[in-house]
């Protein structure tokens with residue numbers, strides 16, 4: 001993770017560096033991205049870059065965290081505590097809609113997400129983007145545990161297994177969506193989002209709570 005020296009840096013300077021990194025990683029992907037190009041775009045020295053970050057992977061992980069936090073802020077946030085028994089699945093559907101609205105207007109996040117999915121390894125703590133993957137797993141754990149409190153998430157399987165199932169579905173959906181981004185109409189994108197949440201609901205809900213359509 002980024003050093004404390006970066007955390008103590010002026011927020012505007014942090015944003016300048018991470019915006020440059022997001023642009024480079026988003027345009028070229030993790031492997032082809034050039035640290036020298038990021039340094040040039042950010043207007044800092046090479047020594048400063050390695051004063052703030054351990055290596056390229058550290059910069060990539062920090063950039064993903066920065067982009068994720070900004071996306072959450074733009075969508076109004078994801079608050080597990082705001083989820084109730086009555087709005088559990090509806091809250092997730094609404095959050096998906098808000099996320100889609102932001103992604104339509106922020107193409108950089110799509111490119112950066114593609115870079116992440118090109119190199120992500122869900123069970124490899126040393127892989128680029130591992131910090132983002134662990135954050136996603138923790139959010140999923142909190143979500144599923146809250147769903148269990150309300151009887152909205154099944155209890156016949158272990159929570160760790162359910163997390164793996166949910167992450168797998170999310171990963172397949174993200175790949176599917178990213179491959180077709182730019183080709184689908186807004187209506188088609190919205191339908192894909194709704195199908196994603198429906199698939200998660202069918203997978204994770206107790207059998208008695210799943211409505212099967214004919």
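Eigenvalues of the alpha-carbon gyration tensor of segment 85-135, scaled by 5 and square-rooted, set the equivalent ellipsoid semi-axes at 25, 18, 6 angstrom, largest first.
Any idea what log10 I(q)/I(0) is at q = 0.11, 0.12 Å⁻¹ for segment 1-104, Debye with uniform C-alpha scatterers and no solvent? Scattering profile of segment 1-104, log10 relative to I(0): -0.44, -0.50. Largest GNM mean-square fluctuation among 29, 147, 76, using the chain with Cα springs under 10 Å: 76. If you line up the long axis of helix 11-32 against the longest principal axis of the chain, both from Cα atoms, how many degrees apart are they, to the nearest 10? Rounded to the nearest ten degrees, it is 80.
Start at zero, step by 5 Å, and the Cα-Cα distances of segment 132-175 spread as 5, 23, 31, 24, 12, 4, 0 percent across the bins.
Mean projected area of the Cα convex hull of the chain, taken over all directions, amounts to 13.0 nm².
Quick one: 189, 64, fewest Cβ neighbours within 10 Å first, how do they rank?
Numbers: 189 17, 64 27.
With the sparsest Cβ surroundings first, the list reads 189, 64.
This ranking places 57, 97, 152 by how few other beta-carbon atoms lie within 10 Å of each, fewest first, which gives 97, 57, 152.
Using Cα pairs closer than 8 Å and at least 6 residues apart in sequence, work out the relative contact order for segment 4-63, in percent. Relative contact order, segment 4-63: 42 percent. The C-alpha radius of gyration of segment 4-63, expressed as a fraction of 2.2 N^0.38 Å, stands at 0.99.
For the pair residue 191 and residue 50 in one chain, pulling the backbone fully straight at 0.36 nm per residue adds 46.3 nm over the alpha carbon distance. Here the Gaussian network model covers the chain, with springs between Cα atoms less than 10 Å apart; of 47, 182, 15, 47 fluctuates the most. Counting other Cβ atoms within 10 Å as a rough exposure proxy, the listed residues 94, 19 run 94, 19 from fewest neighbours to most.
Of 130, 22, 85, the residue with the greatest mean-square motion in the GNM of the chain, using alpha carbon springs below 10 Å, is 85.
Here, each number is a calculation from the coordinates, and none is a lab measurement. Everything quoted here is computed from the prediction, not taken from an experiment. Cβ: placed from backbone, ideal geometry, glycine included. Neighbour counts: every protein chain shown.
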